[in-house]
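Novice: Below are the structure tokens for one structure; questions will follow.
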Amino acid sequence: MIDREGVTRSVIAAIAKVRELDEKNITLESTFDELKVDSLDAMEIIFEVEEDLDFKVPTEQMTDLETVKDVVDGIERLLQLNAEGKLTQPTYKRPGGSPETDGGASAQV
Amino acid sequence: MTHGEAGSRRRVVVTGTGVISALGNSRDEFWSAMTEGRSGIGPIEDVDIATITFSQGGQVRGFDPAEFFESRGEREIDRSTQFGLIAAKEAIEQSGLEWTDELRARTGVVTGCAVGGIGTQDTCFKRLYGEGKSRSHPHTIPRIMSNAGASQISMRYGFMGPVYTLSTACASSNHAIGLAFWNLRGGLCDLMVAGGHEALFSRGHLGAWDAIRVVSHDTCRPFTKDRPGMIVGEGGAMLVLETLEAAEARNATILAELCGFGMTADAHHLTMPSQDGPARAIELALADGNIAPKEVGYVNAHGTGTDANDANEIAAIKQVFGDHAKNLLVSSTKSMTGHAIGAAGAIEAVATVLALRDGVAPPTANFTEPDPACDLDVVPNEARRGSFDAAISNTFAFGGLNAVLAFRAWK
């Protein structure tokens, strides 16, 4: 599994790409307000990280993110759960779905 | 102008034009190529056409978004939308307008676009179906939407009036310009940027054109006997429309007056045109502009180069103009640009405005042998000088939708 340094590198590279910033100007303490990351940028940043690390971030996990560190912490935690087979993601919810199709998909990486 | 004047019929003039097409990335390149009868049609580049039977297209060549756009946001939007922004910029610059908050609030944008960001969609689908990826780029939806061009122009310039997009296949841009004109004439707003954009060179979409068997394996030869069909094109074009009163008040250079718009439907067949639908659209455009048929000197034809369109269009023109038809210069500039589908009407509106401004009818290029079914003066191969009081530009879409614009020379 990728280490914390790798996750940090991936997140900072994604922010730099999306916001057209120099990576040197992005630290774990940078806030998304400072970096002028809006909600559409956030979707793109997560997409870039997902592509890079080849896993999926469940939408419901994308809350309360204020700093770069919050994202790195969150992704590290999700990757750990994923490695342990405890991350149920993504959830393919179907209205009136049977147990097989309602949130039943297990982690696939 | 205020909302209180809504309902009055104000005169509308064109004070800016912008175009990017197979004939180059600017209005000057476009118009010099067109008046020299040079075709921009050539071998299709940058698309895998191994499974496509045709090989020629009217592509915008050597286009590097980095030359036009500073922000990543604009560099990475769909090519179609980029064409719209580039054309709008050129048109707005030519107009020489000085922007105020009040004017921005009363400025609208109406665009025509038939298929939206189909290049983006093609890339997205190729990832999912071809490359086995399971996720798409989060900007895919805002890049694909057909109104992306109108929205991007609105956001870049801060235009907050009526902003919308018309999608009526090959007639999209004429519907867009026509409704922008009517909105402006009726007092709904004080300024309009109107036109269209299209970029559909993707393997998936070209394959669909191949299936309908109307695309030429040669080049585009409108009105020629045994003409081989249409050529798919791409590009963007925009007009700046404002009231005559406002243009005169600021001493703007007026390029032409947009005075009439007519639209009809054939209610007949998805792909086969009727003669009556196009004829009625031309009549309505002339009536809307108070133009007598004998005042018209130039017709920018829909002129796709297909067997069905060209003969039918000539018959419709004869039906409307009667004896005067033989005096008309009727050319198809698609012979040089290809058929840019949702952008075609806007590209041809620019050609029509410049034809009136300069007194030059651009030719029908690639013309070889006359067709008895197209026996009007189709301006074969060489541009013709003439003093035109008025001109019309025709667009007739699949689905039987007809939209015609009528312009007067500004003298």
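Novice: For the subset of the stretch B:245-274 comprising residues that are charged (D, E, K, R) and part of a loop (DSSP other than H, G, I, E, B), which member is most open to solvent (accessible area, probe 1.4 Å)?
Specialist: B:Arg250
Novice: Which number in (1) surrounded by 16 or more Cβ atoms within 10 Å (Cβ to Cβ); (2) of a type outside the set (A, V, I, L, M, F, W, C); (3) within 11 Å of chain B (Cβ to nearest Cβ) marks the one condition that A:Thr8 misses?
Specialist: Looking at each condition in turn, A:Thr8 falls short on (3).
Novice: Condition check: closer than 18 Å to B:Gly158 by Cβ, in contact (Cβ under 8 Å) with a residue 24 or more places away in the chain and part of a strand (DSSP E or B). Does B:Thr81 satisfy that?
Specialist: No.
Novice: Are any of the residues in the stretch A:35-44 in contact (Cβ under 8 Å) with a residue 40 or more places away in the chain and within 14 Å of chain B (Cβ to nearest Cβ)?
Specialist: no
Novice: Further question: State yes or no: is B:Val350 open to solvent by less than 10 Å² (accessible area, probe 1.4 Å), outside any helix (DSSP H, G or I) and outside the structural domain of B:Ile118 (by TED's automatic domain parsing)?
Specialist: Criteria not met by B:Val350.
Novice: Another question about this same structure. Between a residue in the stretch B:204-229 that is farther than 22 Å from B:Ile314 by Cβ and any residue that is among the polar types (S, T, N, Q), which pairs come within a Cβ distance under 6 Å, given they are 6 or more apart or on different chains?
Specialist: B:Asp210/B:Thr53
Novice: Counting just the residues of the stretch B:124-149 that are within 14 Å of another protein chain (Cβ to nearest Cβ) and either among the β-branched types (Val, Ile, Thr) or farther than 21 Å from A:Ile46 by Cβ (or both), which one comes out surrounded by the most Cβ atoms within 10 Å (Cβ to Cβ)?
Specialist: Among those that are within 14 Å of another protein chain (Cβ to nearest Cβ) and either among the β-branched types (Val, Ile, Thr) or farther than 21 Å from A:Ile46 by Cβ (or both), it is B:Ala148.
Novice: Now for a separate question. What are the residues in the stretch A:22-55 that are surrounded by fewer than 17 Cβ atoms within 10 Å (Cβ to Cβ), hydrophobic (A, V, I, L, M, F, W, C) and part of a loop (DSSP other than H, G, I, E, B), if any?
Specialist: A:Leu28
Novice: How many residues are open to solvent by 60 Å² or more (accessible area, probe 1.4 Å) and of a type in the set (Gly, Ala, Ser) when one looks only at the stretch B:49-103?
Specialist: The number of residues fulfilling the criteria is 3.
Novice: Quick check: anything in the stretch B:196-203 part of a helix (DSSP H, G or I) and closer than 24 Å to B:Ile52 by Cα?
Specialist: yes
Novice: Residues B:Ser167, B:Ser151: which one is closer than 29 Å to B:Thr51 by Cα, under 19 Å from the mean Cα position of the chain (by Cα) and outside the structural domain of B:Ile341 (by TED's automatic domain parsing)?
Specialist: B:Ser167
Novice: Regarding the stretch B:210-221, can at least one residue be identified that is open to solvent by less than 10 Å² (accessible area, probe 1.4 Å), modelled with pLDDT of 95 or more, part of a loop (DSSP other than H, G, I, E, B) and in contact with a helix residue (DSSP H, G or I) (Cβ under 6 Å, 6 or more places away or on another chain)?
Specialist: yes
Novice: Only one residue in B:Gly112, B:Gly178, B:Gly158 is open to solvent by 20 Å² or more (accessible area, probe 1.4 Å), in contact (Cβ under 8 Å) with a residue 40 or more places away in the chain, more than 14 Å from chain A (Cβ to nearest Cβ) and not aliphatic (A, V, I, L, M). Which one?
Specialist: B:Gly158
Novice: Now for a separate question. Any residue at all in the stretch B:36-48 that is modelled with pLDDT of 95 or more, assigned to a strand (DSSP E or B) and out of contact with any Pro (no Cβ under 8 Å at 6 or more places or on another chain)?
Specialist: There is at least one residue in the stretch B:36-48 that is modelled with pLDDT of 95 or more, assigned to a strand (DSSP E or B) and out of contact with any Pro (no Cβ under 8 Å at 6 or more places or on another chain).
Novice: Do the conditions hold for B:Ile20, that is, is it assigned by TED's automatic domain parsing to the domain that holds B:Thr123 and in a loop (DSSP other than H, G, I, E, B)?
Specialist: no
Novice: Need the failing condition index for B:Asp28 against (1) free of Cβ contacts under 8 Å to residues at least 12 places away in the same chain; (2) farther than 27 Å from B:Ala390 by Cβ, just the number.
Specialist: Of (1) free of Cβ contacts under 8 Å to residues at least 12 places away in the same chain; (2) farther than 27 Å from B:Ala390 by Cβ, only one is false for B:Asp28: (2).
The values are calculated or read from the model by the stated rules, or taken from the named source; none is laboratory data. Here the structure is a predicted model, which means the values were calculated and not measured. Cβ coordinates were reconstructed from backbone atoms using ideal geometry, including for glycine residues, and neighbour counts include every protein chain displayed. Please note that ligands, DNA and RNA were not included when accessible areas were found on the heavy atoms of the full protein model with its side chains. Shrake-Rupley method; radii C 1.70, N 1.55, O 1.52, S 1.80 Å.
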